[in-house]
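Peer 1: So that we are looking at the same thing, I have put the structure below in structure tokens.
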Amino acid sequence: MTANYGRNRPGEPEKPRATEMIRAFIAIELDHAVLKALDKLQAELRRDSPQKAVRWVDTAGIHLTLKFLGDVPMAQLDDLNVGLQRACQGFAPFTISCAGLGCFPNPSRPRVIWVGVDEPRGILAELQRAVEREVAPLGYPAEDRPFSPHLTLGRVRREASRDDVRRLGELVTDRQVGKLAQMEARAVSLIRSDLRPTGAVYTQLVKVTLKG
């Protein structure tokens, strides 16, 4: 387990004082092979999509989110650290696969374009539930909707025309995307997100290794 919410490292975003709030989430960080595959697929989709209809995310910052926390008091980071360690107890590293292309809420009204995450043994879903159980008493209740693991590639712009939205839905539906990559999930991280005009900047605050 590592925790980085104390002193700054050279070149890192300035860390706020304990009385301040940060934006944070809990996620599995992706390895280079997965990020490279996502980057290639996103480039192909960008080429075939209506121009300026999608706000594409920076693939280097894509994570497999287990729990979005939102605004978090710096003073609560120690409690989140302890809770995350408890949630990960008993979990060994496991394999996840990235496969399939889809959109939320559906191809008729696409708002988010994503790649699916597959873990057939149910370990990922069990880990996500353990994370939610541990952070719920800290003021972050479980989601009402079922956990749907995915990796977001882009978000459809609100100003996109109906024709562009329709074409995007057809593009996602018609494109056959098999297994892109797989990786071994070895740790879960608490990550800070700083929203800036140039895009989000992510800082790993805590990393808990899955030891079994």
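The values are calculated or read from the model by the stated rules, or taken from the named source; none is laboratory data. As the structure is a prediction and not an experimental result, all values here were calculated from the model. All Cβ positions, glycine included, derive from the backbone under ideal geometry; neighbour counts span all protein chains shown.
Peer 1: Which residue pairs have Cβ atoms under 7 Å apart, sit 6 or more places apart or on different chains, and have a first residue in segment 59-74 that is surrounded by fewer than 16 Cβ atoms within 10 Å (Cβ to Cβ) and a second that is in a helix (DSSP H, G or I)?
Peer 2: What qualifies is A60/L35.
Peer 1: Out of V135, V131, V156, which single residue is buried (at least 18 other Cβ atoms within 10 Å of the Cβ), at pLDDT 95 or above and farther than 23 Å from G61 by Cα?
Peer 2: V135
Peer 1: Another question, if that's okay. May I ask you to list pairs of residues, at least six apart or on different chains, whose Cβ atoms are under 8 Å apart, with the first in segment 82-98 being among the hydroxyl-bearing types (S, T, Y) and the second being exposed (fewer than 14 other Cβ atoms within 10 Å of the Cβ)?
Peer 2: T95/E184; S97/K179
Peer 1: While we're on this one: Quick check on my filter: what residues within segment 174-200 are farther than 24 Å from F91 by Cβ, out of contact with any helix residue (DSSP H, G or I) (no Cβ under 8 Å at 6 or more places or on another chain) and loosely packed, with under 14 Cβ neighbours inside 10 Å?
Peer 2: Once the filter is applied, which keeps residues that are farther than 24 Å from F91 by Cβ, out of contact with any helix residue (DSSP H, G or I) (no Cβ under 8 Å at 6 or more places or on another chain) and loosely packed, with under 14 Cβ neighbours inside 10 Å, segment 174-200 yields D174, Q176, G178, L195, R196, P197, T198.
Peer 1: Report yes if some residue within segment 112-133 is in contact with a strand residue (DSSP E or B) (Cβ under 8 Å, 6 or more places away or on another chain), among the charged types (D, E, K, R) and in a strand (DSSP E or B); otherwise report no. I'd like the intermediate steps shown before the answer.
Peer 2: If we filter segment 112-133 for residues that are in contact with a strand residue (DSSP E or B) (Cβ under 8 Å, 6 or more places away or on another chain), which is where we start, we get 112-119, 121, 123-124, 127-128, 131-132.
Still in the list and also among the charged types (D, E, K, R): 118-119, 121, 132.
Right, trim to in a strand (DSSP E or B) and you get 118.
Yes, segment 112-133 contains at least one residue that is in contact with a strand residue (DSSP E or B) (Cβ under 8 Å, 6 or more places away or on another chain), among the charged types (D, E, K, R) and in a strand (DSSP E or B).
Peer 1: Yes or no: K52 surrounded by 12 or more Cβ atoms within 10 Å (Cβ to Cβ) and modelled with pLDDT under 95?
Peer 2: no
Peer 1: Hey, another quick one. Among the residues of segment 35-70, how many are outside any helix (DSSP H, G or I) and not aliphatic (A, V, I, L, M)?
Peer 2: Here is the first cut: in segment 35-70, the residues outside any helix (DSSP H, G or I) are 49-58, 62-70.
Keeping just the survivors that are not aliphatic (A, V, I, L, M) gives 49-52, 55-56, 58, 63, 65, 67-68, 70.
Selection size over segment 35-70: 12.
For (1) touching a residue at least 60 places away in the same chain (Cβ under 8 Å); (2) part of a strand (DSSP E or B); (3) basic (K, R), each residue gets a yes or a no:
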{"site": "R158", "(1), (2), (3)": "no, no, yes"}
{"site": "V165", "(1), (2), (3)": "yes, no, no"}
{"site": "M183", "(1), (2), (3)": "yes, yes, no"}
{"site": "V188", "(1), (2), (3)": "yes, yes, no"}
{"site": "I191", "(1), (2), (3)": "yes, yes, no"}
{"site": "Y202", "(1), (2), (3)": "yes, yes, no"}
{"site": "K211", "(1), (2), (3)": "yes, no, yes"}
